[in-house]
Amino acid sequence: MRELKSVEEKILDRALYLIGKNRSLNISIRAISKEAGVNVSAINYYFRTKEEMLRQAKELYVANTLSITAILENGELGPEEKFLYAANEIMEYIIRYPGIDVLLRDAREKDDEISVKVLKVSEEMTEGLNHILDSLLKGAKDISCKHIIFWSAINYPVEDNPFMKYSAVLNDRKNRMAYIKLLLAMLRQ
């Protein structure tokens, strides 16, 4: 996941966090300014309108999703490394922005340029990871079911989920990587 380099990116980061936390795009500028530690005028300065800020938040989502796709396309990594690193990035992204599915749901409901882009990069990343998973599970039975298990296992425990007793363990990268390795070993059985 890319690092934040400016006040503008920090505002977008916190807007994405609140979108997930509130499970809605309907978040107030005041709530975003409080979460980002900036005054309301800074948000108005950088974005002029809430709609523009949300558009740029979607652009940040696109950039982060493309960074995951870049891992999948990295010719210097083997298939298992690509799988582990990309799954880790997805989990980290969901932890940082709980409920990111709100952006995807909104994109499916709209037909504007940024929504099309959000869906396109999400689909490309998913297809890339599914392709690598297929190669890692070559010859295994019930591959379709194993795909469902994989996607459930990397999404559910790190979503903003009050029922997951052990999900805090996955906040640590080392623990997440161990979890993903164990998941892959189980899927290969």
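Every number here is computed from the coordinates shown, using simple stated rules; none is lab data. Here the structure is a predicted model, which is why all the values come from computation and not from measurement. Ideal geometry is used to build each Cβ from the backbone, glycine not excepted, and the neighbour counts take in all protein chains shown.
Considering only 115, 156, 46, and ranking their Cα positions along the charge dipole of the stretch 7-188 that arises from unit charges at the beta-carbon of Lys, Arg, Asp and Glu, the one farthest toward the positive end is 156.
Considering only Cα-Cα distances, which of the following residue pairs are longer than 30 Å: 10/120; 82/120; 82/110; 120/181; 10/110; 21/174?
Numbers: 10/120 25 Å; 82/120 20 Å; 82/110 32 Å; 120/181 28 Å; 10/110 26 Å; 21/174 25 Å.
Going by Cα-Cα distance, 82/110 fall outside the 30 Å limit.
Rounded to the nearest 20, the size of the Cβ-charge dipole of the stretch 40-119 about its Cα centre is 360 debye, with Lys and Arg at +1 and Asp and Glu at -1. Net charge dipole, the stretch 87-189: roughly 660 debye, given to the nearest 20, about the Cα centre with Cβ charges of +1 for Lys and Arg and -1 for Asp and Glu. How far is helix 50-73 tilted, in degrees, relative to the longest principal axis of the Cα atoms in the chain, given as a value from 0 to 90 rounded to the nearest 10? Once rounded, one gets 20 degrees.
I'd like the distance separating the alpha-carbon centroids of the stretch 42-69 and the stretch 106-176, in whole Å. Here the answer is 22 Å between Cα centres.
Given +1 on the Cβ of Lys and Arg, -1 on the Cβ of Asp and Glu, and no further charges, what dipole in debye does the chain carry about its Cα centre, rounded to the nearest 20?
Details: 28 positive and 28 negative charges, 123 e Å.
Computed about the Cα centre, the dipole is about 600 debye.
For the chain, the longest principal axis of the C-alpha atoms and the axis of helix 113-136 are separated by about 20°.
By how many degrees, 0 to 90 and rounded to 10, does the Cα axis of helix 79-96 deviate from the longest principal axis of the chain? It is inclined by approximately 30 degrees.
Using the 2.2 N^0.38 Å rule of thumb for compact globular proteins, work out how the stretch 7-188 stacks up: its C-alpha Rg over that value, please.
Numbers: Rg = 17.5 Å, N = 182, 2.2 N^0.38 = 15.9 Å.
After normalising by residue count via 2.2 N^0.38 Å, the value is 1.10.
The relative contact order of the chain, computed from alpha carbon pairs under 8 Å that lie at least 6 residues apart in sequence, is 25 percent. Rounded to whole numbers, the Karplus 3J(HN,Hα) couplings from phi for the stretch 144-150 are 4, 5, 5, 5, 4, 4, 4 Hz, using 6.51 cos²θ - 1.76 cosθ + 1.60 with θ = phi - 60°, and x at Gly and Pro.
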